[in-house]
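Participant: Sharing a structure here in structure tokens format.
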Amino acid sequence: MSNDDLGHWMAHIQARTEAALESWLPASDLAPTRLHEAMRYATLGGGKRVRPLLAHAAGALVGAAPGALDRIACAVELIHAYSLVHDDLPCMDDDVLRRGKPTVHVEFDEATALLAGDALQALAFRVVADPGLGIPSDRQLALVAMLADAAGSRGMAGGQAIDLAAVGQTMSRADLEFMHIHKTGALIRAAIRMGAACGATADPDRDTALDHFGKRVGLMFQVVDDILDTQADTATLGKTAGKDAAQDKPTYVSILGLTDARALADELLAEALASLEGLGGEAQRLAQLAQFIVHRKF
Ligand code: GRG
């Protein structure tokens, strides 16, 4: 699988994800129209779709049906989109730019942004719980639980609570890792686990290896996000650059310095790739995605 091939495959999965999101999101002329417009504005036509790409790559590795993976991809992206809407609110990170356009509360209003996030989260669970998923019901329930764990207080929302409490504080490296593993890592890890759980057969060794990969990639994603916040400009990122330092937030760059933060990202990449070693050539796509995540420019 060449990098050229990766580009085509990514474009293909991104288009499938867009189509799946379009099919699940309520039409903008359906009442309540303003809320539905805001949900669509927050979700469609933007973002790298990293979590859907990982879900598809993990699912393809285990022979999962592409239609089921479209739904998993859609669900994790809906949770991600909701988290971005809420994260940008004045009571949280208070940002005005996301994916190169005004944030949802700027384009609409705060109450609509809050409700749009809530409704996107509910829709994510609706998608996974839908009978059309085509997965035996015990495993479908397990998928619902995986998504809930990743999004909840022991996952993404918990990590966000730690993040908000950390503003202006000093933090140990261990505490920073704990925060990042939850805030960003939990959903990325869940995307991979959920994709893999759509396969016809369980293989404990394979699933453990994939989960180890997901943990490393989840943390690596945020280490690189911390680096990009200091190195890239607002136009490239599509969101306000330099936010972490401006808000006096502890990050890998503030704690380790830029050089060691980069070294850590490389170390996590090596660990992630090592965990794929026993999984054969089909794991190549996940390896390529890990490389993409660490070398991304936005
Ligand atoms: C529960 C009230 C309430 C709020 C929750 C959970 C939450 C608010 C915020 C989660 C924190 C968060 C936004 C984590 C993700 C951090 C991150 C690196 C986002 C950027 O992800 P990319 O680069 O973005 O994948 P694109 O735009 O490419 O999809």
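Participant: Conditions: (1) over 24 Å from Q247 (Cα atoms); (2) open to solvent by 60 Å² or more (accessible area, probe 1.4 Å); (3) not aromatic (F, W, Y). V106 meets all but one. Number of the miss?
Facilitator: Condition not satisfied by V106: (1).
Participant: Continuing with this model, one more query. Can you tell me how many residues within the range 40-61 are open to solvent by 20 Å² or more (accessible area, probe 1.4 Å) and more than 15 Å from the ligand (Cβ to nearest atom)?
Facilitator: Of the residues in the range 40-61, 3 are open to solvent by 20 Å² or more (accessible area, probe 1.4 Å) and more than 15 Å from the ligand (Cβ to nearest atom).
Participant: Please work out if A202 is out of contact with any Gly (no Cβ under 7 Å at 6 or more places or on another chain), of a type outside the set (S, T, N, Q), under 30 Å from A142 (Cβ atoms) and not in a helix (DSSP H, G or I).
Facilitator: Working: out of contact with any Gly (no Cβ under 7 Å at 6 or more places or on another chain): yes; of a type outside the set (S, T, N, Q): yes; under 30 Å from A142 (Cβ atoms): yes; not in a helix (DSSP H, G or I): yes.
Yes; evaluated as a whole, the condition is true for this residue.
Participant: Would you pick out the residues in the range 181-222 that are hydrophobic (A, V, I, L, M, F, W, C) and within 10 Å of the ligand (Cβ to nearest atom)? Before you say what the answer is, go through the steps one by one.
Facilitator: So in the range 181-222, the residues hydrophobic (A, V, I, L, M, F, W, C) come out as 181, 186-188, 190-192, 194, 196-198, 200, 202, 209-210, 213, 217, 219-221.
If the condition is that a residue be hydrophobic (A, V, I, L, M, F, W, C) and within 10 Å of the ligand (Cβ to nearest atom), then A186, L187, I188, F221 are the ones that fit.
Participant: Go through the range 164-198 and report how many residues are among the β-branched types (V, I, T) and either at pLDDT 95 or above or under 30 Å from L133 (Cα atoms) (or both).
Facilitator: Our first condition is that a residue be among the β-branched types (V, I, T); within the range 164-198, this holds for 167, 170, 181, 184, 188, 192.
The next check asks that each one be either at pLDDT 95 or above or under 30 Å from L133 (Cα atoms) (or both); those that pass are 181, 184, 188, 192.
The number of residues fulfilling the criteria is 4.
Participant: Take the residues of the range 268-287 that are surrounded by 14 or more Cβ atoms within 10 Å (Cβ to Cβ) and charged (D, E, K, R): which is nearest to D225 (Cα to Cα)?
Facilitator: E271
Participant: Same structure again: Name the residue that is least open to solvent (accessible area, probe 1.4 Å), counting only residues in the range 62-103 that are out of contact with any helix residue (DSSP H, G or I) (no Cβ under 6 Å at 6 or more places or on another chain), under 30 Å from G132 (Cβ atoms) and away from the ligand (no atom under 12 Å from the Cβ).
Facilitator: Here the answer is A64.
Participant: Moving on. Only residues in the range 77-103 that are more than 19 Å from G45 (Cβ to Cβ) count as the first member; pair them with residues that are near the ligand (Cβ under 7 Å from one of its atoms) and open to solvent by 50 Å² or more (accessible area, probe 1.4 Å), Cβ under 9 angstrom, at least 6 apart or cross-chain, and list the lot.
Facilitator: Qualifying pairs under 9 Å: H86/M92.
Participant: For the range 220-295, give me every one of the helices (runs of 4 or more DSSP H) that falls completely inside it and has 1 or more residues that are under 26 Å from A60 (Cα atoms).
Facilitator: Working: elements: 234-237, 243-246, 252-256, 258-275, 284-295.
Qualifying helices (runs of 4 or more DSSP H): 258-275, 284-295.
Participant: Scan G7, G45, G67 and give me the residue that is of a type outside the set (A, V, I, L, M, F, W, C) and not in a helix (DSSP H, G or I). Talk me through it step by step, then tell me what you get.
Facilitator: Numbers: G7 fails: not in a helix (DSSP H, G or I); G67 fails: not in a helix (DSSP H, G or I).
None of the other options fit; the residue is G45.
Participant: Could you look through the range 110-130, keep only residues that are away from the ligand (no atom under 16 Å from the Cβ) and crowded, with 22+ Cβ neighbours inside 10 Å, and pick out the one that is nearest to I192 (Cα to Cα)? Give the derivation first.
Facilitator: Of all residues in the range 110-130, those away from the ligand (no atom under 16 Å from the Cβ) come to 126-130.
Remaining after also requiring crowded, with 22+ Cβ neighbours inside 10 Å: 127-128.
Numbers: V127: 17, V128: 15 Å.
Taking the candidates together, the pick is V128.
The values are calculated or read from the model by the stated rules, or taken from the named source; none is laboratory data. What you see is a predicted model, and the numbers here were worked out from it, not measured in a lab. Backbone-built Cβ (ideal geometry, glycine too); neighbour counts: all protein chains shown. Heavy atoms of the whole protein, side chains included, go into the accessibility calculation; ligands, DNA and RNA do not. Shrake-Rupley method; radii C 1.70, N 1.55, O 1.52, S 1.80 Å.
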